[in-house]
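Have a look at the structure below, then the notes.
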Amino acid sequence: MNTCNLLTDLLRSELFALTLVMGSYLLGIFLYKRLKLPIIQPLLISMIIIIVFLKTTGIDYSVFRNNTRFLNFMLGPSVVALGYVLYEQIYYLKGNIISILTAVFVGCIVGIVSVVGIAKLMGTDTQMLFSLAPKSVTTPIAISIAKNNHGIPELAVVFVIICGIFGGAVGPIVLRYLNIKSKVVKGLAMGTASHALGTVRAIEMGATEGAISGLAIGIMGIMTAMVMPFIEKILN
């Protein structure tokens with residue numbers, strides 16, 4: 001009985017939860033590099049492993065979320081850290097600020113209006129619409145937007161991850177098919193459409209693409225937060 005209790009306490013501990021998350025993600029990176037398949041994203045592999053673990057052990061998600069709160073906190077600093085990479089590529093921003101802001105703004109409007117419009121035509125309720133709308137921004141911003149606009153933060157996170165995985169897998173293929181050569185355009189497209197996961201793929205394309213994609217994440221988050229109140233008024 002004591003051994004069983006010790007095992008249960010270990011599985012519910014913060015140390016084990018953090019080890020599980022980081023270990024499963026590292027396994028995902030290994031599989032991604034080994035198999036070279038865009039759809040096999042490390043985050044997706046990690047999610048599957050964690051879901052199976054929680055279902056098998058019966059550990060409540062709230063317990064797991066509390067044990068991994070440190071990683072949730074680090075989401076913000078990790079995005080800010082991209083600023084250093086952006087600084088190294090500051091040359092590409094000179095003379096392109098207006099173009100960059102315009103491109104991200106158009107991407108913001110198209111991203112929100114398209115998904116909300118399609119969902120509305122399919123009869124989706126308002127709460128679900130506001131959970132879908134911030135799909136193209138990074139997780140902390142999506143959670144905040146969903147909360148402030150009466151959406152469901154947990155669902156918003158799911159949609160953000162799905163959007164990121166899809167964009168990270170399909171984005172480079174689309175850019176290659178359209179014969180896009182500009183490093184700035186590639187970075188803007190990946191960051192605007194697929195936030196952090198898109199930026200990971202953009203970094204694989206090159207340092208400039210990754211830096212510009214990181215910039216797009218921040219601008220996209222700000223613009224989405226500004227646009228959402230107007231979307232809410234229209235829907236209500």
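FYI, it's all coordinate maths here, none of it is from the lab. The shown structure was predicted, so the numbers you read here are calculated from the model rather than taken from an experiment. Neighbour counts are summed over all protein chains in view; Cβ atoms, including those assigned to glycine, are modelled from backbone coordinates with ideal geometry.
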Worksheet item: Residue by residue through the range 111-119, which ³J(HN,Hα) values in whole Hz follow from phi under the Karplus form 6.51 cos²θ - 1.76 cosθ + 1.60 (θ = phi - 60°), with glycine and proline marked x?
Response: x, 6, 4, 5, 5, 5, x, 5, 5
Item to complete: Would you mind checking the tilt of helix 14-35 against the longest principal axis of the Cα atoms of the chain, expressed as 0 to 90 degrees and rounded to 10?
Response: 50
Discussion item. At R0 = 41 Å, how high is the FRET efficiency between residue 14 and residue 162 if r is their beta carbon distance? Nearest 0.05 is fine.
Written reply: 0.90
Worksheet, complete the sentence: HN-Hα couplings for the range 182-193 via Karplus (6.51, -1.76, 1.60; θ = phi - 60°), in whole Hz with x for Gly/Pro, come out as 5, 5, 5, 4, 4, x, 4, 4, 5, x, 5, 8
Worksheet entry | Environment charge at residue 142 (Cβ cut-off 12 Å; Lys +1, Arg +1, Asp -1, Glu -1) | +1
Discussion item. So for the chain, averaging the separation of alpha carbon pairs under 8 Å that are six or more residues apart and normalising by length, what relative contact order in percent results?
Written reply: 18
Worksheet item: So, by mean Cβ neighbours within 10 angstrom, what's the order for 189-200, 128-139 with the highest one leading?
Response: 189-200, 128-139
Fill in: Gain on full stretching of the segment that runs from residue 125 to residue 48 - 0.36 nm per residue minus C-alpha separation
24.9 nm
Worksheet item: Calculated from DSSP H runs of 4 or more alone, at -39500 (n - 2.57) each and per residue, what is the 222 nm mean residue ellipticity of the chain, nearest 500?
Response: -26500 deg cm²/dmol
Practice prompt. Please report, in debye to the nearest 20, how large the charge dipole of the chain is about its Cα centre when each Lys and Arg carries +1 at its beta carbon and each Asp and Glu carries -1 there.
Written response: 540
